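Data block below; observations after.
The values are calculated or read from the model by the stated rules, or taken from the named source; none is laboratory data. Just so it is clear, the structure is predicted and the values come from calculations on it, not from any experiment. Virtual Cβ from ideal backbone geometry, glycine too; neighbours counted across all protein chains shown. With ligands, DNA and RNA removed, areas are computed over all heavy atoms of the protein, side chains included. Shrake-Rupley method; radii C 1.70, N 1.55, O 1.52, S 1.80 Å.
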Amino acid sequence: MITITVVTVTWQAAQVLQPTLDSVARQTYEAVEHLIIDGASTDGTLAIAERYRDDCAHAGSPHQVVICSESDKGLYDAMNKGLAKATGHYVVFLNAGDRFAGDDTLERVAATAMAAGDGQLPAVIYGDTHLIDSEGHDLGPRRLRPPRQLSWRSFRHGMLVCHQAFFARTDIARHIRYDTRYRYSADVDWCIRVMKEAQRTNAALTPVGDVTALFLEGGQTTAHHRDSLKERFQVMRRHYGLCTTVLMHGWFVIRQLFNH
C-alpha cells in the first residue's frame, strides 16, 4: 500500500492551522504520515497540533501524526527537516492555511500512482489548485494551470503546478534539498530539480486530472511579491538560461498589461 507523507510547516500559525489539520484528518485514505514541523511557535500553534495528534490517536485513526517543534533557519530549512523525516512513498507539503480539495484527495493520488502500470511509480503525481480566502471560500483556479504533459521545461512559463499539488516520490525528493539561499522561491527551484531527476531516471510525471489542493491566498510569497519575483528570475535563469528567461519575462509583462 502506498504511503503518503504530508508535511505541514508552521510558525505562529494558530490562526490558520486548524482547517489544515481537519483537512488531513478527514482524508479517507488510511496510509498517511502527517509530519508537523514547527519553528518553536509561542502563540498556541503547538498546543493545537498536539491536540490534533491526541484526537487522532483517541479516535483510532490509522494516520500517523508526528510533531517536531524547534527553532529553525526559516521556511525552507523546516521543509528540509520534513524531507529528512518523511518515510512515505510520496511527500507533499501542505502548509498552515492550505487544504486538500476533498476528503478523497489522497485516495485519488494513490490510485493514480498505482495505475501507472510500467513497473515504476511515477516520480511526481500532480494536480490543479484553487485559491481560497481566509473563510475557506473557493475563489476559483489559479491563473497558472497544470498542463496535461508536464516536464521540467514547463516551468519556464511560470510555476504551472502549485507546490501544494506536487506529490514527489520520496526516494527522489529527499536527496534534493531546498536551496535555503532563496527566501521565497526555493519551492520553484526544488520542483524543477525534482522533475529534472525524473527525466534522468525515466520516471513519469503523472496528472491526477483534477483539483487536489486549496491554497490560502495572501501567503509569504504574496506579501513579498517584488522580492519573490526577483528570486524567481534567478531561479529561471539558473535552469533555462538568461535569454529564455528574459524573453519569458517580457511575455509575462505583456500578458499582464492585456489582462488589465
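Straightening the chain between Lys230 and Thr201 buys 7.3 nm, computed as 0.36 nm per residue apart minus the Cα-Cα spacing. Mean residue ellipticity at 222 nm, helices only, the chain: -12000 deg cm²/dmol; runs of at least 4 DSSP H residues each add -39,500 (n - 2.57), and the sum is divided by the number of residues. Partner lysines whose Cα lies under 20 Å from the Cα of Lys73, excluding those fewer than 8 positions away in the same chain, are identified as Lys81, Lys85.
A protection proxy built from the mean count of other Cβ atoms within 10 Å ranks the segments 46-57, 77-88, most packed first, as 77-88, 46-57.
Note on Leu144 and Asp43: the extension gain reaches 32.9 nm, defined as 0.36 nm multiplied by sequence separation minus the Cα-Cα distance. Label the range 1-68 by shape, choosing from rounded, prolate and oblate, from the square roots a ≥ b ≥ c of the eigenvalues of the Cα gyration tensor; if a/c is under 1.5 it is rounded, and otherwise prolate applies when a/b is larger than b/c, oblate when it is not. Verdict is prolate for the range 1-68. Summed over the residues of the chain and divided among them, the accessible surface reaches 48 Å² per residue at a probe radius of 1.4 Å.
Annotation for Arg183 and Thr244: the two label points, set 7 Å from Cα along the Cα-Cβ direction, are 2.8 nm apart.
Counting only Cβ charges, +1 for Lys and Arg and -1 for Asp and Glu, the dipole size of the range 67-143 around its Cα centre is about 280 debye. As a fraction of the 1.4 Å probe accessible area of the chain, surface on carbon and sulfur atoms comes out at 51 percent. Packing around the peptides 12-20, 235-243, taken as the average count of other Cβ atoms within 10 Å per residue, puts them in this order, highest first: 12-20, 235-243.
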